[in-house]
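Student: Below: one structure in structure tokens.
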Amino acid sequence: MRPNADYIAQRPIFVHGVRGYNPGDDIHTVAVENLGLTVGVDVLPARPDVIPRPAKDALRPDWVAYWLGQGMSQQEIDELNRNQLAEKEPEVIGGVDPSATAVRVESPMPDNTAAQAAPQLAEPAERVERPGQGARKADWVAYAVWRGMAKETAEDSTIPQLATTDYDNLFGPERHA
């Protein structure tokens with residue numbers, strides 16, 4: 001039985017030069033959206049119900065989009081008429097193409113991508129205390145990075161932005177420092 005992730009990587013996915021996903025790795029929907037990955041090319045649904053199935057009487061373009069998202073090739077789709085596409089049942093994804101080329105994402109959506117796509121980024125061993133009023137920006141940057149914010153994001157932020165960031169919900173409810 002597959003884990004709760006909705007998608008499976010079909011090729012290596014690099015985020016800011018760091019290999020975040022390998023072919024066959026599970027990817028949650030939020031990471032697919034943040035990284036701008038293409039369903040049917042970069043990732044495929046882990047289960048047939050991830051992408052809503054069009055109504056039986058839907059137009060051919062709706063069925064084409066659905067089957068492309070399920071990983072069916074354009075050539076296979078072109079060989080079927082609208083009725084055949086509507087009658088076809090989705091299959092559970094079985095494997096990945098080991099020869100698939102890598103996708104590189106250099107500008108993902110802000111902040112939460114690092115925790116989703118690069119689990120090898122570990123927190124420093126020693127605890128960094130929250131800076132007090134009047135602290136230098138370098139202290140705030142160190143704290144923000146320790147709490148999981150990307151270093152570039154922390155350096156580009158102002159002290160008031162860093163001071164008011166909700167670090168407990170920086171990556172959503174699944175990660176807390």
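Student: If the Cβ limit is 8 Å and pairs must be 6+ apart or interchain, which residue in region 42-56 that is within 16 Å of L85 (Cβ to Cβ) pairs with which residue that is of a type in the set (A, V, I, L, M, F, W, C)?
Tutor: Here the result reads P48/V92; I51/V39; P54/W63; P54/A86; K56/A86, each pair linking region 42-56 to a residue that is of a type in the set (A, V, I, L, M, F, W, C).
Student: Another question about this same structure. Only one of these is at positive phi and touching a Gly at 6+ places or on another chain (Cβ under 7 Å): G17, G40, G24, G36. Name it.
Tutor: On the way: G17 fails: touching a Gly at 6+ places or on another chain (Cβ under 7 Å); G24 fails: touching a Gly at 6+ places or on another chain (Cβ under 7 Å); G36 fails: touching a Gly at 6+ places or on another chain (Cβ under 7 Å).
None of the other options fit; the residue is G40.
Student: Which residues, counting only those in region 143-171, are within 23 Å of V30 (Cα to Cα) and of a type in the set (V, I, T)?
Tutor: Matches in region 143-171: V145, T153, T165.
Student: Which one of V30, V15, V41 is aliphatic (A, V, I, L, M), surrounded by fewer than 18 Cβ atoms within 10 Å (Cβ to Cβ) and under 12 Å from the mean Cα position of the chain (by Cα)? So that I can check it myself, show each step before the final result.
Tutor: Working: V15 fails: surrounded by fewer than 18 Cβ atoms within 10 Å (Cβ to Cβ); V41 fails: under 12 Å from the mean Cα position of the chain (by Cα).
Checking each option against the conditions leaves just V30.
Student: On to the next question. Look through V15, V64 and report the one residue that is in contact with a strand residue (DSSP E or B) (Cβ under 8 Å, 6 or more places away or on another chain) and more than 15 Å from E89 (Cβ to Cβ).
Tutor: Values: V64 fails: in contact with a strand residue (DSSP E or B) (Cβ under 8 Å, 6 or more places away or on another chain).
The match here is V15.
Student: Also, quick follow-up: I need the full set of residues from region 6-39 which are at pLDDT 85 or above, small (G, A, S) and assigned to a loop (DSSP other than H, G, I, E, B), in order please.
Tutor: Passing the criteria: G24, G36.
The values are calculated or read from the model by the stated rules, or taken from the named source; none is laboratory data. Just so we're clear, the structure is a prediction, and the values are computed from it rather than from any experiment. Because the Cβ atoms are built from the backbone with ideal geometry, glycine has one as well, and the counts that use them run over all protein chains shown.
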